[in-house]
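Read-outs: derived from the displayed coordinates by stated rules, not from any lab. Owing to the predicted nature of the structure, the values given are computational and were not obtained by experimental measurement. Positions of Cβ are backbone-derived with ideal geometry, glycine not excepted, and every protein chain shown enters the neighbour counts.
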Amino acid sequence: MKNLFVPMLGAQSDHHALTAAKSLAARFDSTVDCVHVRLDMSPALALATREVTWRIEREENERSATAHAEFDRVYGPGSAGGASQSGVKAQWREIVGYPSDEYAYHGRMHDVVVVAREKLLPGHCGEMVMETGRPVIIACARPVQTIGEVVLVAWNNSPESAKALTAAMPVLTRAKKVIVAGSPPAMIDEEDARQSLEELRALLSLHAIQPEIRLLTKAGGDEANALKETAYETNCDLVVMGAYGHSRLREYLFGGVTREFLKECEIPVMLLH
């Protein structure tokens, strides 16, 4: 986790993503790379009226100024070159292009992507998860002091949860406490689920990780709620989950448990598709 990527939208959610990245960077001695993409207006110049062009340009200028101001607020004025006053290495860049494509491309060039949910762009987080192929940490809206000290791993013995576990190993090896919460898949009885968790415990012990094991009891079959209750009960500051999903007309849809867990959870989540 030597380089973290924060896509800057020029929106309220930038603050949550920046502060989460700052906490991670301090813990892992990482560099935070913040990129704002100004919309390339050249394809529209031949079609749009002068008034429309001016309006779009004004909106782009406002977003750019908002994003840069938030970067300075979190990391300190004059930090754009990498010498942050906050003690964390951070850099600011602004490029011109198509935002979705540029953010996905730059996300692939970093170890971890850090985003926050934005009401005005509800598909933004899903787009980063589905298109970058990198672990994506979704910051919560409330301030957090630490990320990665107490980590909850959601495990259901699926390829997605195995990939997420592997991606999270740099975090797990530095965590003060790791909890693995297992949920038995369909057609798997409780005893087999416990055996799976014990085998996972043995695997993690090879990496000097001694996890606490919990078998989730799903009241009414509500796996997401059981996981959420466990997250709050254990006071974890990061939840690691595999992401199930697909894109349809650029609307990014997660599987039921992931989607329900993300709805109201006030804990940062690391997802990998």
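Data table
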quantity	calculated
Förster-model FRET efficiency, 30 Å R0, Val144 and Ala202, C-beta, rounded to 0.05	0.45
Packing-based ranking, highest mean first, of 231-240, 169-178, 197-206, 3-12 given that Cβ atoms within 10 Å are counted	3-12, 231-240, 169-178, 197-206
Ellipticity estimate at 222 nm from DSSP helix runs (n ≥ 4, -39,500 (n - 2.57)) divided over the chain, nearest 500	-13000 deg cm²/dmol
Arg259 versus Gln210: modelled label distance in nm, points set 7 Å from Cα along the beta carbon direction	4.1
Cα pair distances exceeding 20 angstrom across segment 3-139, given as percent	44
Length-normalised contact order of the chain in % [C-alpha pairs under 8 Å, at least 6 apart]	20
Under 18 Å from Lys119, Cα to Cα: lysines that are on another chain or at least 8 residues apart	Lys263
Cα-based convex hull volume of the chain per residue, rounded to whole Å³	127
Paramagnetic reach from Glu266 in segment 196-240 [backbone N under 17 Å; point 7 Å along Cα→Cβ]	228-239
DSSP H segments from the chain that extend 18 Å or more along their own axis, Cα-based, with Kyte-Doolittle mean of -0.5 or above	13-28
Added length on full extension, which subtracts the Cα-Cα distance from 0.36 nm per residue, Gln12 to Lys119	37.6 nm
Loop-located trypsin sites (Lys or Arg not before Pro) in segment 1-40 whose Cβ has at most 16 other Cβ within 10 Å (DSSP)	Lys2
